[in-house]
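Contents: one structure, followed by commentary.
Every read-out reported here was derived from the displayed coordinates using simple, explicitly stated rules and does not represent laboratory data. The model shown is predicted, which means the values in this text are computed figures rather than measured ones. Methodologically, a virtual Cβ is constructed for each residue, glycine included, from the backbone with ideal geometry; neighbour enumeration extends over all protein chains shown.
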Amino acid sequence: MNWYLQAWKNYAVFSGRARRKEFWNFFLIHFLLVMLLLFVKHHSWLFVVYFWTSLPPWLAVSVRRLHDANLRGAWLLASLIPLGGFLVLVFHLVDSTPGPNRYGPNPKAETAFEPDAPLPPQPVAELLRQRSVGCFIVCGVYLFVGLFMLFVFWGLTYAS
């Protein structure tokens, strides 16, 4: 559960690396919540809200997982073409690059971050570099589209 919450805390951090453990624990809990929300009959709007709000953390942890395999985050776009999703799945299953790579130090290293450890204080400039304006714009667009779809769905459901 800590890895799932850690992905939510780092929803706008597209830099760095994520272990397989972090990605697959997030994916497992996310999948279980999606299945649970799909089976709730009269509250399907909960699924729409959860799906659109969980998209930025899922994208961020997926990009960091690809970085751990020393691949660019743009490989996620391959899942939009036929059989590209299988290729991205294989990339998510690949073990991490030993030692540091161009995206940062190996998260499996003994000095790597553990989700239970307290974070050291960071200056504001460093936080702004990690959470770039582009990430906030993307997250804002997803939130806007999700809320728009929620209101359209709600209007179609209760207008009849």
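With R₀ fixed at 22 Å, the C-beta to C-beta distance from Lys21 to Asn101 puts the FRET efficiency at about 0.80. Across segment 1-103, C-alpha contacts under 8 Å between residues 6 or more apart give a mean separation that, scaled by the residue count, equals a relative contact order of 32 percent.
Computed extension length for Phe86-Asn2: 27.5 nm, one decimal, from 0.36 nm per residue of separation with the Cα-Cα distance subtracted.
The packing ranking of peptides 16-28, 84-96, highest mean first, is 16-28, 84-96, where packing means the average number of other beta carbon atoms within 10 angstrom of each residue.
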